[in-house]
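Following: one structure in C-alpha cells, then a few remarks.
Taken together, the values in this text are just the output of simple stated rules run on the coordinates, not laboratory data. Just so it is clear, the structure is predicted and the values come from calculations on it, not from any experiment. Heads up, the Cβs are rebuilt from the backbone with ideal geometry, glycines too, and the neighbour counts pull from every protein chain shown.
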Amino acid sequence: MAEKKKFNVEALKNTVKAGMEKIDVEGIKGKAESAGEVIKDKAGTAGEMIKDKAGIASDVIKEKAVELKDAAIQTKDDIQEKLTELDRMLDEEITNYNDAYTLMNDKGIMLFVERSRSVDTIENVKSLINSIANRPKTFDDEFEEIETNRRKFTDSCEFASRELDAARKAAGGAGAAIAAGASVAFLAPSAAMWVATTFGTSSTGVAIATLSGAAKTSAALAWLGGGSLVSGGGGMAAGNALLAMAGPVGWTIAGATLLSTIVIFAKKRAKLNAEKNEEIEKIKKNTESVKETDLRIKELLDETIKIRDGLNGVFRENLKLFGQDYNSISIEDKNTLGSLVNNTLTMSAMLNKTIE
Amino acid sequence: MSEKSLIKEITMEYIKSFPVYDEIKKYMEMVGQLQEAICIASSGNDDKTMLLIRIGTVLSLSIAGKMGTNGKMPEEFEREDWEDIAQAVLEYGVLMDGEKYTEFVFELYARYIEKCVEINKKELSISAQEEIKALADELRDLTRSLNKGQFSEADYVDRCLWVCFEAMIKLWASYGSGLLPEKLKKYGDLIPATADYAVQYARLKMYSKEKAILEEYLNNQEILTNELQAKLDVYIAELSGVSEQFNNLIKDAFDPNFRDKLMASVNLAKAAGVDEEIILDSEDKIDEFFN
C-alpha cells in the first residue's frame with residue numbers, strides 16, 4: 001500500500017498569501033471606480049433619454065389627439081350632410097305620396113261619377129226591356145264608393161322638433177351638472193378636506209396632514225382658495241362653495257353627468273334617425289301601393305266608360321222596339337235584345353267590381 | 001338597458017376610476033337622484049320637469065355665486081340676497097327661451113372652465129392652462145357659429161357637450177402636474193395627453209359609428225327605390241295584359257260590324273264575372289227571358 005501524502009496546510013496558506021500579495025487591489029479599485037463612473041454616466045444619459053422620450057411621447061400623443069379631434073369634427077360635418085340628405089328624402093317621399101294619392105283620389109271620384117251615370121243607363125235599358133218583356137225585369141244597379149284613406153306621415157319638421165327637444169333637455173341636464181357641484185358645496189365641506197390633504201401642502205409650507213382641527217380646515221380652504229377666489233375675496237365661506245365646484249370634486253360630478261348626457265343624447269338621435277329611415281321606407285311602400293291602385297282604378301274607369309258608351313249606343317239602336325210585342329219581333333232583333341240584356345248585366349257587374 | 005340603468009352604470013364606472021371616488025360615494029345618492037331627475041326630464045315629454053331642472057340649476061348656481069361674492073352661508077343671506085336670487089331664477093330659469101337657455105348653459109361652462117383654471121393655477125402646468133382655456137374659447141366660437149346659422153341647435157349642443165367633457169377630463173388629468181419639480185414636468189404632460197387622446201378617440205368612434213349607420217340607411221333606401229320601381233313595372237305589365245284582353249272583348253261586343261254580336265256579348269259578360277246561368281247565350285234563353 002502506497003503512503004498517504006500528508007496535507008501541508010502551512011504550504012497552502014503561504015501559497016494563498018503570496019497569491020494575494022500579487023493582486024493589484026488598488027488597480028481593481030481604480031477599475032471599479034471608472035466602471036462606476038461609466039455606469040453613472042450612462043444612467044444619467046439613459047435618464048435624460050427617458051425624460052426626452054417622455055417629452056417626445058407626450059408631444060406625439062398630443063399631436064395624435066389633435067388629429068383625432070379634427071377627424072371627429074370632420075366626421076360630424078359628414079354626419080350633418082347625410083342627415084340633411086335623409087331629411088330631403090323624407091320630405092320628397094311625402095310629396096310623392098301626396099301627389100300619387102291626389103291623382104288616385106281624382107280618378108276615384110271620376111269612377112264614382114261614371115258609375116252614377118251607368119246607373120242611369122241601366123235604368124233606361126230596364127225601361128226598354130220591361131216595355132217588351134211579359135214579366136218585369138230588374139238589374140242590379142247598386143254600388144259602393146271605393147274607399148281609400150290618405151295616410152298621414154311624420155315629416156322632417158316633426159323629427160327636427162323632437163331632436164331639438166332632446167338637445168335642449170341634454171343642455172339642461174349639462175347645466176344641472178354644474179349645479180350638482182354647487183349643491184355638493186352646500187352639503188359637503190368635508191369633501192374639501194380630502195382634496196387638500198391628498199394633493200398638497202398649505203401655503204405655510206406645513207403638510208396639511210400634520211395639522212389638526214380648525215387649523216387644518218383653514219389651511220386646506222386657504223390653500224384651495226389660493227387666496228383669490230371670486231372678486232371680493234370671500235374667505236372661508238367662498239372657499240367652501242368653490243372648492244367642490246372648481247376642483248376635482250366638481251369636475252368629477254360634471255364629467256360624469258356630461259358623459260351620460262352625451263351617451264343618452266346620442267342614443268336618442270340614433271333612435272330618431274332609425275324612425276326617420278323607417279318612415280321613409282313606409283312612405284315609399286305606400287306610394288307604390290297607391291300607384292298600383294291608381295292604375296287599377298284607371299283601367300276600371302276606362303272599361304266602365306267604354307261599356308257605358310257602348311250600351312248607350314245599343315240602347316238607342318233598340319229604341320225602335322220600345323213597347324212592341326216580343327213574339328212579333330224578328331229573330332235578328334231578338335238576338336240584339338239578347339245582347340242588350342247581356343251587356344246590361346256586364347254593366348251591373350262592373351259597378352260591383354272592387355279594387356283589391 | 002333602460003336609460004336609468006345606463007346613466008347609473010356610466011356614472012358609477014366613470015367615477016370609480018377617479019381617486020375622489022371614496023369621498024364622492026357618500027354623495028352618490030344625491031348625485032344619483034339628480035341624474036335620475038335629469039334622465040326623467042330627458043326621456044319624458046314633460047316640460048314642467050324640465051322647467052324644474054332649470055329652476056334648480058339657476059337656484060343652486062345663484063346661491064353658490066352669492067356665497068362666493070359676499071362670503072356668507074345661505075342661512076346668513078338677507079332679504080335682498082334672496083330677492084336677487086329669485087330674480088335670477090325668474091330671468092334665466094323661467095323666462096329665457098329654449099335656444100337662449102342652451103347658450104346660457106354653455107356660456108356658464110366657458111366661465112366655469114376659466115374659473116377652474118384660474119383657481120387651480122398652481123396645480124396646472126402653463127401649457128395645460130392654455131389648452132384648457134382654449135376650450136372655453138371654443139365653446140364661445142361654437143355659440144357664434146350657431147348664431148350665424150352654421151349649425152342646428154341640436155348639432156351645437158352635441159359639439160358643446162364634447163368640448164365641456166374634454167375640459168373636465170383635461171382639468172382632472174392635468175391637476176397636480178404644475179406641482180411637479182421642473183425635471184419631472186415632462187412626465188406630467190403624458191397623463192393629460194393620454195387622457196385627451198382617449199376622449200378624442202371615443203368621440204371619433206361614436207361619430208364614425210353614427211356615420212356608418214346613416215350611410216347604410218341611404219344605401220338601403222336607394223335599393224328599396226329600385227325594388228319598388230321594378231315591382232311597379234311588373235304590375236303594369238301584368239295589368240296591361242289582362243286589360244288588353246278585356247278591352248278587345250268590349251270592342252267586339254259593341255262593334256256594329258261584328259258578325260256574332262250575341263256571342264260577343266256573352267263572352268264579355270263571362271269575362272266581367274256575370275253568373276253564366278243568367279247570361280242569354282241562346283235563342284231559347286232569350287225567349288224564356290222575354291216571355
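With a cut-off of 15 Å between beta carbons, the residues surrounding B:Val274 carry a summed charge of -3, where Lys and Arg count +1 and Asp and Glu -1. Relative contact order of the stretch B:249-291, taken over Cα pairs closer than 8 Å and 6 or more residues apart, is 28 percent.
Can you put B:Glu99, A:Glu292 in order, fewest other beta carbons within 10 Å first? Show your work: numbers first, answer last.
Working: B:Glu99 16, A:Glu292 19.
Least to most surrounded, the residues fall as B:Glu99, A:Glu292.
Exposure proxy shown here: for B:Phe254, A:Phe159, the number of other Cβ atoms within 10 Å sets the order, fewest to most, as A:Phe159, B:Phe254.
Divide, for the stretch B:170-291, the radius of gyration over alpha carbons by 2.2 N^0.38 Å, where N is the residue count. Normalised Cα radius of gyration, the stretch B:170-291: 2.98.
Pairwise over distinct Cα atoms, reciprocal of the mean inverse distance: report the Kirkwood radius of the stretch A:253-356 in Å, one decimal place.
Details: mean 1/r = 0.0510 Å⁻¹.
For the stretch A:253-356, the Kirkwood estimate is 19.6 Å.
Among B:Glu114, B:Glu76, B:Glu244, B:Glu182, the order by Cβ neighbours within 10 angstrom, fewest to most, reads B:Glu182, B:Glu244, B:Glu76, B:Glu114.
Let me know the mean shielding of A:328-339 by other chains, meaning the per-residue number of their Cβ atoms within 10 Å of its Cβ. Display every interim value, and only then the final one.
Working: counts 0, 1, 0, 2, 1, 0, 7, 9, 4, 5, 14, 14.
That average works out to 5.
Any number yet on Rg/Rh for the stretch B:78-136, C-alpha, Kirkwood? Write down the numbers at each step before the final one.
Numbers: Rg = 15.7 Å, Rh = 13.5 Å.
In the stretch B:78-136, Rg relative to Rh is 1.17.
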